[in-house]
Amino acid sequence: MPLSNNVIGAINFIAMLLSIPVIGAGIWLASQTDNSCVKILQWPVIILGILILVVALAGFVGGFWRIPWLLVMYLVAMLVLIVLLAVLVVFIYMVTNKGGGHLAPSRSYLEYRLDDYSGWLRRRVQGPFKWDRIKNCLATTTICAGLNQSFRFPQDFFNAHISPLQSGCCKPPTLCGFTFVNPTYWISPINNAADPDCLQWNNEQTQLCYACDSCKAGLLENLKREWRKADLILMLALVALICVYLVGCCAFRNAKTEEIFRRYKEGYT
């Protein structure tokens with residue numbers, strides 16, 4: 001068996017291994033509470049990782065068993081997948097490029113505004129039908145209930161670094177001037193006109209601020225942070241896949257050259 005075919009098989013084994021972090025990134029996203037409620041990114045990432053695994057397996061088989069048509073199919077399909085992965089990496093970066101928290105008076109945690117985020121992300125949560133499904137999902141989690149176990153005194157809570165989702169969904173906006181009873185129970189607002197979300201706050205534990213724009217913004221900030229982490233993994237996998245693909249192309253060309261040279265020698269023996 002020509003050396004180049006062995007090389008093709010070996011580098012496609014590496015490509016199979018590189019599909020693992022891509023699939024793992026999708027599974028990690030699916031395991032996050034906010035992503036499991038929104039369901040936007042995790043399945044495209046998982047499916048793309050599985051396709052990379054299948055195509056790399058085809059290249060592995062084609063390399064070791066010297067099946068030219070399978071190697072050609074591998075080269076074309078892997079190129080398409082690399083382009084798709086590159087598009088996904090750039091897309092995630094672009095839609096998460098906006099947003100961020102704002103300091104609240106006398107608070108350590110940040111608060112979030114929906115208008116700060118990209119239009120594409122906002123459209124994923126705006127609209128009654130979309131948000132009703134998401135907020136009902138969030139209300140069944142322990143995101144807010146866990147705060148009551150961790151913080152019993154006002155100053156402890158005000159000095160806490162809670163997550164964006166907890167900041168937006170589990171408490172009213174600071175500008176409303178509510179009085180702290182516990183992290184998810186607030187009374188006597190001073191200024192209901194300070195923010196439209198002031199009127200949305202409800203001490204019912206299944207409602208809280210889940211109807212607030214601040215909750216949508218907190219969700220998008222959570223998504224942004226998690227997607228950025230996943231995007232870093234995808235970018236590293238992309239760079240490695242490009243290197244593997246280029247080596248594979250060189251090895252395939254060398255294998256074709258070796259085959260032509262072998263046939264030429266056989267023709268003169």
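Each 10 Å bin from 0 upward holds the following percent of the Cα-Cα pairs of the chain: 7, 25, 22, 15, 12, 9, 6, 3, 1, 0. Rg then Dmax, both in Å and based on the Cα atoms of the stretch 121-255: 21.5, 78.
Sparsely packed loop sites in the stretch 24-90 (the chymotrypsin sites (Phe, Trp or Tyr not before Pro) outside DSSP H, G, I, E and B with at most 15 other Cβ atoms within 10 Å) comprise Trp65. Extension gain, Val239 to Thr142: 0.36 nm times the residue separation minus the Cα-Cα distance gives 31.1 nm. The sum of -39500 (n - 2.57) across all DSSP H runs of n ≥ 4, divided by the residue count of the chain, sets its helix-only mean residue ellipticity at 222 nm to -22000 deg cm²/dmol. For the stretch 85-129, the C-alpha radius of gyration divided by 2.2 N^0.38 Å, with N the number of residues, is 1.47. Toward the positive end of the charge dipole of the stretch 27-173, with +1 on the Cβ of Lys and Arg and -1 on the Cβ of Asp and Glu, the farthest Cα among Val125, Pro68, Leu84 is that of Val125. Using the Cβ-Cβ distance between Ile14 and Ser118 with R0 set to 25 Å, the FRET efficiency works out to roughly 0.10.
Sum up the lysine pairs in the chain that clear both bars: alpha-carbon distance under 12 Å and a spacing of 8 or more or different chains. Taking the Cα cut-off of 12 Å, the pair count is 4. A dipole drawn for the chain from +1 and -1 charges on Cβ atoms has a positive end, and of Pro183, Ala56, Leu234 the residue lying farthest that way is Ala56. Here is the list for the stretch 102-188: trypsin sites (Lys or Arg not before Pro) lying in DSSP coil, each with at most 10 other C-beta atoms within 10 angstrom of its C-beta, are Arg152. Of the complete DSSP H runs in the chain, those spanning 18 angstrom or more by Cα along the long axis with a mean Kyte-Doolittle score not below -0.5 are 3-31, 42-64, 68-95, 213-267.
A short reminder: the numbers here are calculations on the coordinates, not readings from a lab. Just so you know, these numbers come straight off a predicted model, no measurement behind them. Glycine also receives a Cβ, built like all others from the backbone with ideal geometry; neighbour counts cover every protein chain displayed.
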